[in-house]
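Please find one structure pasted underneath; my questions will follow.
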Amino acid sequence: MRTFDLPTDPAFWQDPAPFFQSALTAGNGLFASTGGLSVLGYEALFELGRDPRIDGHPFPVEGLGADKTDMHALLRWGLFALAGPEHRGLRQALVAGLSTQRIAALRPTIRDLADMARQNLLDAASPDLIRDFASPLSARAFCALAGIDQRHAGWIGSAIATIGEQLSFEPAPERLTAANPEARELLELLRVLESDGESGLMRDIAARLPTDSPATAADLVAGFVFDAVETTTSGVFCVLDCLMKQEQLRLDLSAGRYALSAAVQEAFRLTSPTTLTVRMAAEGLAWRGETIAAGTALTMWWPSGNLDGRAFERPSQFDPARPAKRHLAFGIGGHGCLGRQHASLIAEEAVRVLLLDGGPQPIRDGETRFLPRFSRLSESAPVRFA
C-alpha cells in the first residue's frame with residue numbers, strides 16, 4: 001500500500017491538487033498514513049464515506065490534552081466524534097432542529113444580515129473580506145439560527161476564532177490560556193439559552209433527544225458551533241473568492257445559463273472549504289483488495305475527490321453547467337455535514353448582496369494565502385471597490 005501523509009511543503013495549503021494527483025497516480029485511493037489510513041479520490045471517498053462500518057472518530061480528553069479540557073467539553077457531543085446507535089439517535093435530534101423548513105424560513109433574515117455585513121465592508125477603512133464580511137455574517141447567522149441575541153455575535157465570532165487556532169495544525173501555545181475560558185463561557189451561554197426555553201432550535205432538538213441520552217440540546221448545538229461559525233466563514237469566503245474571479249458570472253446568470261445555487265455549489269466543489277475529516281472503522285472490512293482493521297482511523301481528504309479528473313471533466317475549471325454529480329465539500333454518508341443547507345443559503349445571500357445587487361463591486365486586492373487549518377481560510381483578504 002502506498003503512503004500519503006500531510007505534506008510538509010507549505011505549497012500544499014495554497015494548492016493541494018498537485019499533491020493529490022501525484023498520490024492518485026500511484027495508488028488506488030487507500031493509503032497508509034501516520035496513525036491510520038488516508039482516503040483519496042472521488043470513488044474511494046464516495047464508497048467508504050457511505051459505508052456504515054466507517055463511523056465517527058472518538059474525541060477523548062487526552063486527544064486534546066489535559067490543558068484543553070474546556071474545549072473538549074464544548075465539542076464533546078459533536079457528531080463527528082460519535083458512533084453507533086448513540087450517533088444515530090442524536091443525529092436524528094439534530095435533523096429535527098435543522099429542518100429544511102427552519103433553514104428556508106431564515107432566508108429573509110440572512111439576506112438582511114448580509115446587507116448589514118456589506119455595509120460594514122463598505123465602511124471599513126481597510127476592508128477585509130473575512131474580517132469585515134464573512135466572519136461577522138457567519139456569527140450573526142448562527143445567532144439567528146439558534147435564537148441568540150445578536151449582541152453576542154461579535155464575541156462568539158472572536159471566541160470561535162481563538163478556539164479554532166488551538167485546533168489547527170500550527171496552534172499558538174501562548175494563546176491557549178485565552179481559548180479555554182472562551183470555550184467554557186460559550187457552552188454556558190448555550191446552556192442558559194436552553195434553560196430559558198426561548199430557542200426554537202433547541203426546543204425541537206430536545207423533543208427528539210433519546211430518553212436515555214446524557215446529552216442536552218445545548219450540548220448538541222455546542223458540538224456544531226465550530227462548524228456553524230468558522231467552517232461557514234471559510235465556506236462563504238471560499239465561494240466569494242472563487243466567484244469574484246468569474247468575469248462572466250452576472251452575464252451568465254442573467255442569460256439563464258445556470259442558477260445562482262449551481263454557481264455556489266460549483267464554487268464549493270472547486271474550493272472544498274473543509275480540507276479533511278477523520279472517521280474510524282467500527283469493524284474490520286475489505287475494500288478493493290485492501291484490509292481495513294477495526295479501530296483504524298481514516299483521514300478523508302475531501303478536496304482530492306472534488307478535484308479528481310476521473311469524476312469531473314476539467315476539474316479545475318469553473319463550470320456550473322457541468323453534468324450534475326454530487327460534490328464532496330460537505331462530506332457524505334451518515335457523518336456528512338447536516339449544516340449544508342444553512343451554509344449554502346448564507347453563501348447564496350452573500351453572493352447576491354455583494355456581487356449581484358448592483359453598487360460598488362468588490363475586487364480582491366493581493367494574494368490569498370491559506371492558513372494550515374482544517375477550514376480553508378486566508379490569513380487576510382483585503383478588497384477594494386470599483
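The values are calculated or read from the model by the stated rules, or taken from the named source; none is laboratory data. Just so it is clear, the model here is predicted, and its values are computed rather than measured. Glycine gets a Cβ as well: all are built from the backbone with ideal geometry, and neighbour counts include every protein chain shown. The area values use the complete protein model at the heavy-atom level, side chains included, leaving out ligands, DNA and RNA. Shrake-Rupley method; radii C 1.70, N 1.55, O 1.52, S 1.80 Å.
Packing-wise, with mean Cβ within 10 Å as the measure, how do 334-340, 12-18, 128-134 rank, highest first? Walk me through the numbers on the way to the answer.
Values: 334-340: 18.9, 12-18: 15.6, 128-134: 23.9.
Final packing ranking: 128-134, 334-340, 12-18.
Among 38, 260, 238, flag the residue with its Cα farthest along the positive direction of the charge dipole of the chain, charges on Cβ as +1 for Lys/Arg and -1 for Asp/Glu.
Among 38, 260, 238, the one farthest towards the positive end of the dipole of the chain is 260.
Using the Kirkwood radius built from alpha carbon pairs, what does the Stokes-Einstein equation give as D for the chain at 4 °C and 1.567 mPa s, in µm² per second?
Reported coefficient: 60 µm²/s.
In region 224-311, which GluC sites (Glu not before Pro) fall in coil by DSSP and have 12 or fewer other Cβ atoms within 10 Å?
Passing both the DSSP loop test and the Cβ count: 247, 283.
Treating the Cα atoms of region 1-44 as identical point scatterers in vacuum, please give the log10 of the normalised Debye intensity I(q)/I(0) at q = 0.21, 0.31 Å⁻¹, two decimals.
So the normalised log intensities are -0.66, -1.19.
Let me ask you something else. Could you tell me what a quarter of the Cα convex hull surface of region 85-207 works out to, in nm² with one decimal place?
9.7 nm²
Counting pairs of alpha carbon atoms under 8 Å apart in space and at least six apart in sequence, what relative contact order in percent does the chain give?
Relative contact order comes out at 25 percent.
Okay, moving on. With a 1.4 Å probe and every protein chain kept in, tell me what percent of the accessible surface of region 182-318 is carbon plus sulfur. Don't skip to the answer; put the middle values down first.
Values: 2710 of 5660 Å².
Carbon and sulfur together cover 48 percent of it.
Give me the distance between the Cα centres of region 112-180 and region 25-50, rounded to whole Å.
Spelled out, the Cα-based centre of one part sits 33 Å from the other.
Checking a compactness column here: for region 204-348, what do you get for Rg(Cα) / (2.2 N^0.38 Å), N being the number of residues?
That ratio works out to 1.25.
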